[in-house]
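Here's the structure we're looking at; comments come further down.
The values are calculated or read from the model by the stated rules, or taken from the named source; none is laboratory data. Note that this is a predicted model, so its numbers are computed, not measured. Counting neighbours? That spans all protein chains shown, and the Cβs are built from the backbone with ideal geometry, glycine included.
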Amino acid sequence: MTRHFHHLAMMIALCAILLAAAPAAAAGKGAAFGGNGRAVAGSTKIAIVDDAQMAATATVTQTFRLTLYGSAPRGDAMILRYRTTTPNGTVSAPQIHVFCGDFRSAIREYAAKPACKGGGTVYFRSLSVAKGSSISFSFERQRATDAKDRSTSFYRDAHRLDYNWLDYAWYRYGA
């Protein structure tokens, strides 16, 4: 039991260090995209493990966190595009979650969200899935000038969900 508390304490300390260092690290690395100034993006992922909870449940929670820095242009939308695969191999249809802005799609109507705000604004999205499922996803930006259904991915990943998981991405406008 002491070993579990020790591992949990180490995990919490690591999470605190990663979350505290993320904005400072964001300034020095990432991918740059052209357009209205230079935009920089990056990410971190953190596994959140609780042994007692893991053993007691057949579902896990996948959480996505997006932080926007700089000044967001009018008309931009930030979305999360994802697909899950259950342990028995059933693949979901592609799913989209709009963090902020008015995502334009010819395929489906998405409710407009409040305009995207920079300056360190944080957006969250969580979903529950069967333990052992896999997820593939991308954080994407749709500019006001983009055609319907066109967006630019600035971070993508995939992993298996055997425990609660947090994926953290950031985007810097005009850096």
Fill in: Residue check, Arg125 without any contact (Cβ under 8 Å) to a residue 12 or more places away in the chain and under 21 Å from Tyr173 (Cβ atoms)
no
Worksheet item: Could you list, in sequence order, the residues of segment 90-129 that are among the polar types (S, T, N, Q) and within 17 Å of Ser153 (Cβ to Cβ)?
Response: Gln95, Ser105
Item to complete: At least 2 residues that are among the basic types (Lys, Arg) in each: list the strands (runs of 3 or more DSSP E) lying fully within segment 75-139 that qualify.
Response: 77-85
Item to complete: Hey, can you tell me all the residues within segment 151-162 that are under 11 Å from the mean Cα position of the chain (by Cα) and surrounded by 21 or more Cβ atoms within 10 Å (Cβ to Cβ)?
Response: Phe154, Tyr155
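Here is a yes/no grid of residues against (1) surrounded by 15 or more Cβ atoms within 10 Å (Cβ to Cβ); (2) at pLDDT 95 or above:
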position	(1), (2)
Ala77	yes, yes
Leu80	yes, yes
Gly119	no, yes
Ile135	yes, yes
Gln142	yes, yes
Asp149	no, no
Asn164	yes, yes
Worksheet, complete the sentence: Note on segment 151-175: residues farther than 15 Å from Gln95 by Cα, of a type outside the set (Asp, Glu) and assigned to a loop (DSSP other than H, G, I, E, B) are Tyr163, Asn164, Tyr173, Gly174, Ala175
